[in-house]
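What follows draws every value from the coordinates through simple rules; no lab data is involved. Bear in mind that the values here come from a model prediction, so they are computed numbers and not experimental data. Cβ: placed from backbone, ideal geometry, glycine included. Neighbour counts: every protein chain shown.
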Amino acid sequence: IAWTVTPSLILVLIAIPSFALLYSMDEVVDPAVTIKAIGHQWYWSYEYSDYNQSDSEGLLFDSYMIPEDELEYGQLRLLDVDNRVVVPVNTHIRMIITSADVLHSWAVPSLGVK
């Protein structure tokens, strides 16, 4: 009976804290800014879609990687770009990341996200 009760208790002890996390993941927060990142073969395109106007597509710009021979001291090789994404501090942000052609890896080195 110990072979059945002990694993069952362990599973229950693991499951109880998991329920709080499961429900908090379903919580929908209205973001202050929505940014759409589109990966292309050699660059990223960004769209701040919250700033759409009736006659335009919103705030759009492309971000190209800085070549190694143009890097300055302190810039990260293969990670620094010419136009960086700027986001407000202490606000909820929705990131929509997609690709136009092949698989891509979007990264935020200062947050440890890739």
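Odds and ends about this structure:
- Modelled label positions at ASP26 and SER49, each set 7 Å beyond Cα in the direction of Cβ, lie 2.5 nm from each other.
- Only the Cβ atoms of Lys and Arg (+1) and of Asp and Glu (-1) were treated as charged; on that basis the dipole of the chain about its Cα centre amounts to roughly 640 debye.
- Judged by the mean number of other Cβ atoms found within 10 Å, the most tightly packed of the peptides 41-48, 93-100, 20-27 leads the ranking 41-48, 93-100, 20-27.
- The distance between label points at LYS36 and ASN83 comes to 1.5 nm (points 7 Å beyond Cα on the Cα→Cβ vector).
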